[in-house]
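> Just passing along the structure, written as structure tokens.
Read the figures in this text as sums done on the coordinates, not as results from a lab. Because the structure is predicted, anything quoted here is derived from the model rather than measured. We place every Cβ from the backbone using ideal geometry, glycine too, and count neighbours over all the protein chains shown.
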Amino acid sequence: MAAEAMTVNVINPATEETIATLESAGVEETDAAVERARAAFPAWRAVAPGDRVRLLRRLATLVEEHHEELAQIESRNAGKPINGARGEIGMVADVFHFYAGAIDKRYGDTIPVAGGVDMTFREPLGVVGLIVPWNFPLNIASWKLGPALACGNTIVLKPAELTPLSALRLAELVLEAGIPEGVVNVLVGKGSVVGQRLVEHPHVAKIGFTGSTEVGRSVMQGAAGTIKRVTLELGGKSANVVFADADLERAAAVAPYAVFDNAGQDCCARSRILVERSAYDRFAELLIDATSKVRVGDPSDERTEMGPLISAQHRETVASFVDGEPLFTGEVQAGKGYWYPCTLVEASNEDRIARDEVFGPVAALIPFDDEADAVRIANDTPYGLSGSIWTQNGARALRVARALETGVLSVNSNSSVRVTTPFGGFKQSGFGRELGLYGLDGYSEVKNVFYSTEG
Ligand code: NDP
């Protein structure tokens, strides 16, 4: 392997400085990590539920104790505004607390049958491979780690090559919490090498994946060879549907943050803003005003609301979506860093900007005629992850919510990710659910046992 040994330079996207140089794992290191996880599995699954509760709770507490340190790591590595990074690390701790609390409250069933007793158990899967992206590095890792550990699985976690630092620090906290060696293994390496090997490895029972729909497709194909379980959280092209009877001031004031938070690098970004034609001009005016107030700049500044994009290459991709004259272009600082301005464009749902995931701070404003037209446009996409509905008509809100082919919706709000509630997509946004008690389903197998009472 030595001949293949490679290093990865970890960059701060706000300054373009190298902040760490790490060794990049290959296939051999991946196999060794899977073996460590495999060796650790029998003892980990046998840990008494109450003890597993304590271990996971201790991890949650350690994340809280190291809250600022982890937030700083995340902010520097991903270019996130520090306040956003603090919120994300807070959620990581909450996720571990939630799943710690769930461990000894997850019951099986007894099912009425003739001639005996029928009961169900939830068994861990074994070694699970977790492959996560760079946009919310530790947050998304925790959504998978929490339920996977709670269910008694052991883990090989592959962070994105661009943002491995917070996962590496978490691995140290895992050991400090008393979770045994080998239960959580973090591997820094390329998706096409480490990720691919995890997907194909015969001793990995499941892949929990968040990333692009394209790679998700290849994960699903690769997993077919061993009938591996997969949970896929993929791309989105979510609609923010604003009816004329909505509180337009409120909807417009918060709409920018539903796209430009995390510089638009968010699978839930409401990047198609659908507005009823009769309110379109007024809403556009309010939206431009609100967008011009988004504070873009140094991620370490407490007041900053939007930082840079993750890489120069990604900035090029984002820029390729904007042709013609935008409705609004914000300002960004000059000099080092992968900056891109908040951008609003007017579009139709057929335009590329409305069809493909931009994953940057660019929103498409699209008019609609009536409720049926709004539902038609919102659903006219291969994706189905998230979205919002703004109206003061309660019946309409529920009608539209039921009609949208989308996994996670909010009404008169753009907030749809919570520790306790299920998160995941319809259509090509993936399948399986994370967070809440639903998240546990993806990391255990239901076993049915019939026990005869005859004879
Ligand atoms: P990818 O899907 O390429 O990467 C996500 C994760 O998968 C990373 O850890 C990556 O590793 C890994 N990976 C890459 N190739 C393979 C493979 N063949 N087998 C197994 N794992 C693999 O997303 P990107 O980060 O490159 O982003 C590209 C686009 O994907 C974005 O512009 C956006 O549209 C979308 N995206 C969506 C996300 C979401 O939350 N739904 C999150 C991130 C991206 P590594 O990067 O280390 O090579």
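> Could you work out how far helix 67-78 tilts from the main Cα principal axis of the chain, as a 0 to 90 degree angle to the nearest 10?
Once rounded, the angle reads 60 degrees.
> How do Ile89, Ile19 rank when sorted from fewest to most other Cβ atoms within 10 Å of their own Cβ?
Sorted ascending by nearby Cβ count, the order is Ile19, Ile89.
> Starting from 0.36 nm per residue, how many nanometres of slack lie between Met119 and Ala319 once their C-alpha separation is accounted for?
Stretched out fully, the Met119 to Ala319 stretch lengthens by 66.4 nm.
> What value, in deg cm²/dmol to 500, does the helix sum -39500 (n - 2.57) over DSSP H runs of n ≥ 4 give at 222 nm once divided by the residues of the chain?
So the helix-based figure for the chain works out to -11500 deg cm²/dmol.
> Find out how many positive minus negative residues lie around Pro81, taking Lys and Arg as positive, Asp and Glu as negative, among other residues whose Cβ is under 12 Å from that of Pro81.
That works out to -2.
> Listing Val296, Val204, Val27 from the residue with the fewest other Cβ atoms within 10 Å to the one with the most, what is the order?
Arranged by neighbour count, lowest to highest, Val296, Val204, Val27 become Val27, Val296, Val204.
> Using alpha carbons only, how many angstrom separate the centre of region 439-454 from the centre of region 257-301?
Measuring centre to centre over Cα atoms gives 47 Å.
> All other residues with a Cβ under 15 Å from the Cβ of Pro256 taken together, and with Lys, Arg as +1 and Asp, Glu as -1, what is their net charge?
Summing Lys and Arg as +1 and Asp and Glu as -1 gives -2.
> Here's something else I'd like to know. In the neighborhood of Asp51, defined by Cβ-to-Cβ distances under 14 Å, what is the net charge if each Lys or Arg adds +1 and each Asp or Glu adds -1?
In short, +4.
> If we sort 410-419, 311-320 on the protection proxy, mean other Cβ atoms within 10 Å, highest first, what's the order?
By packing density, highest mean first, the sequence is 410-419, 311-320.
> Looking at the chain, what % of its DSSP beta bridges pair antiparallel, to the nearest 5?
35 percent
> Which aspartates and glutamates have a Cα lying under 12 Å from the Cα of Lys144, excluding residues fewer than 8 positions away in the same chain?
Once the sequence-local aspartates and glutamates are set aside, what remains near Lys144 is Glu233, Glu434, Asp441.
> For Ser212 paired with Glu28, estimate the spin-label separation in nm (one decimal), with each label point 7 Å from Cα along the Cα-to-Cβ line.
Computed distance between label sites Ser212 and Glu28 equals 3.0 nm.
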